[in-house]
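Contents: one structure, followed by commentary.
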Amino acid sequence: MSITKAIEIAKVEVLNTWIVQVASDTVISENNAEISRSRHRTVLLPYITTGNSDDGWTHTATDITGEDASVQAIANAVWTDAVKEAYKTWAENQGVL
């Protein structure tokens, strides 16, 4: 009896210009027959934005190095310098903390 667990990227979507949404499936198999599948969604943004005590903002680039290569390729293609600047402006105007 052989039980295996695999993570499969089911879908990658780009929403609102800078949101990369990843749907991944965790697949459990026994003797090469699937016995369980569950879906998990992750939302990636180009930056983590936080407000500072001096009313300024800190934008920390999102680390995508742990993501699947296909997800990294899409994020890197979508997150152009112009898109990243637009996201910063949007986040600051929303008061994201």
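Only the coordinates and a few stated rules stand behind these numbers; no lab work does. Everything numeric in this text was worked out from a predicted model, so none of it was measured. Note that we place each Cβ from the backbone using ideal geometry, even for glycine, and neighbour counts take in every protein chain shown.
So the values come out like this:
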{"quantity": "Computed over the stretch 3-94: relative contact order in percent, which uses C-alpha pairs under 8 Å that are six or more apart", "calculated": "23 percent"}
{"quantity": "Reachable aspartates and glutamates from Lys88, criterion Cα separation under 19 angstrom, eight or more residues apart if same chain", "calculated": "Asp54, Asp55, Asp63"}
{"quantity": "Rounded to 10°, Cα long-axis angle of helix 81-94 versus longest principal axis of the chain", "calculated": "70 degrees"}
{"quantity": "Sparsely packed trypsin sites (Lys or Arg not before Pro) within the stretch 1-65, loop by DSSP, other Cβ within 10 Å at most 11", "calculated": "none"}
